[in-house]
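What follows is calculated from the coordinates using simple rules that are stated; it is not laboratory data. Note that this is a predicted model, so its numbers are computed, not measured. Counting neighbours? That spans all protein chains shown, and the Cβs are built from the backbone with ideal geometry, glycine included.
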Amino acid sequence: MSFLFSPLELRSVAFRNRIFVSPMCQYSSEDGMPNEWHFVHLGSRAVGGAALVSVEASAVSPEGRITPWDAGIWSEAHAKAWKPVADFIRKQGAVPAIQIAHAGRKASCNKPWAGGKPLAPAEGGWQALGPSNVAFGHYPPPRAMSLDEIRRAVEDFRKAALHSLMAGFDVVEIHGAHGYLLHSFVSPLSNLRSDAYGGSFDNRIRLALEVTRAVREVWPGDKPVFYRISATDWAPGGWDLEQSVMLCRRLKEAGVDMVDCSSGGNIHDAKMKLGPGYQVPFAEAIRSGAGIPPPAVGLISEPAQAEQIVIPTGRATPRKRWAWRWTGPINTSVAMSAPWDAETLFSA
Ligand SMILES: Cc1cc2nc3c(=O)[nH]c(=O)nc-3n(C[C@H](O)[C@H](O)[C@H](O)COP(=O)(O)O)c2cc1C
């Protein structure tokens, strides 16, 4: 029996296998709204046989966008617009998920294919917010958030979870990775605050836990909450695996069912050690140290490699029928929607 293609259940949500399509920013929205691009991008991956298909980082507020073209989930209008996408993903047998996010000090940038540089207000940019006025690399310094702004961010995440529920998603993932708002608060390199949200480990993780509790309060008990972390800053004196394990224990107590384990993104010139499955050891340390299942992501490109990783596997995949293509080498099968089923009849 293939591990990768065995079913999984979290709370009362059933997953047909352990292949998850990771959230992937598309920078293709106007005012945070999904459009035909998102429908095709996400729908085609659900048709491809994955167990979970996640919507990209979707901003909880307009100023929480990385670029003016990010997806959003800050209003009921966004919830209505995402509903057909979530419904379509479910109809293909995949679990529809959405990642809710605030870009923090990495907000207000151009699209990657337009250079990705910070945008000045005259170019449609805005003042980015962070825990302190410590800039990310060459970016303009963020404004250190007031306590009121921190409280508002918690409420924005809570409302975003409610809108995600209205839209019909079965999993909500809190984006706590890649140097965005929540990651910048937990890391001692970006958080120099001296109030209740900075300094000690407990203070630095306060916002992450407050957001998680707020989301859990409104997210139904029978549906899972995921949390994405960067397990390390890859920088001396920064956030690291040991602190990640401690945070994950607390996230579990706060009602998180799965930690989506990534790394880096908070320090501009960090030296990441990339290689096949390079983040798998982080996921394994979190599973054994915090007792919480983490999907592994990062350069997992071969089915046999994924089969050996005894945790669900997430990929940012440009290949639409990735799960289906992996069934061959593992000598198993995956239930597909009818047109694709027909196609398998004609493939060697
Ligand atoms: C085009 C693209 C967009 C991405 N957008 C997001 C995102 O919205 N949220 C997130 O947490 N990670 C994002 N990522 C990271 C992926 O989810 C994934 O963790 C990472 O690419 C490592 O997996 P891989 O080696 O299979 O690509 C993105 C990656 C790519 C390639």
Ranked 195, 156, 170, 240, criterion: other C-beta atoms within 10 Å, fewest first: 195, 240, 156, 170
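Computed from the mean reciprocal separation of all distinct C-alpha pairs, what Kirkwood hydrodynamic radius does segment 197-238 have, in Å? Display every interim value, and only then the final one.
Details: mean 1/r = 0.0813 Å⁻¹.
Kirkwood hydrodynamic radius for segment 197-238: 12.3 Å.
For the cross-link pairs 80/223; 80/159; 159/223; 83/159; 91/159; 223/252, which exceed 22 Å when the distance is taken from alpha carbon to alpha carbon? Write down the numbers at each step before the final one.
Working: 80/223 20 Å; 80/159 14 Å; 159/223 17 Å; 83/159 16 Å; 91/159 26 Å; 223/252 14 Å.
Pairs exceeding the cut-off: 91/159.
So which trypsin sites (Lys or Arg not before Pro) in segment 235-287 are both in a DSSP loop and have at most 10 other Cβ atoms within 10 Å of their Cβ? Please list the in-between numbers first.
Details: sites: 249, 250, 252, 271, 273, 287; in loops: 271, 273.
In loop regions of segment 235-287 (DSSP not H, G, I, E or B), the sparsely surrounded trypsin sites (Lys or Arg not before Pro) are 271, 273.
If each residue of separation counts as 0.36 nm, what is the full-extension length gain between residue 80 and residue 240 once their alpha-carbon separation is subtracted?
Working: separation 160, 0.36 × 160 = 57.60 nm, distance 3.89 nm.
Once the chain is fully extended between residue 80 and residue 240, it gains 53.7 nm.
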Fewest-first ranking of 113, 234, 82, using other Cβ atoms within 10 Å as the exposure measure: 113, 234, 82
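What full-extension length gain, to one decimal in nm, is calculated for residue 213 and residue 278 as 0.36 nm per residue of separation minus the Cα-Cα distance? Spell out each step's value before the answer.
Values: separation 65, 0.36 × 65 = 23.40 nm, distance 3.06 nm.
This chain segment gains 20.3 nm when fully extended.
By counting other Cβ atoms within 10 Å of each Cβ, how are 74, 126, 69 ranked from fewest to most? Each step should come with its number before you reach the end.
Numbers: 74 22, 126 14, 69 17.
The most exposed by this proxy come first: 126, 69, 74.
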Full-stretch length increase - residue 166, residue 192 - with 0.36 nm per residue and alpha-carbon distance subtracted: 5.6 nm
Segment 157-297 - Debye-derived log10 I(q)/I(0), Cα point model, q = 0.12, 0.16 Å⁻¹: -0.45, -0.80
Virtual paramagnetic centre 7 Å along Cα→Cβ of residue 91, amide N under 11 Å, in segment 158-174: none
Relative contact order (percent, whole number), segment 47-203, Cα cutoff 8 Å, 6+ residue spacing: 26
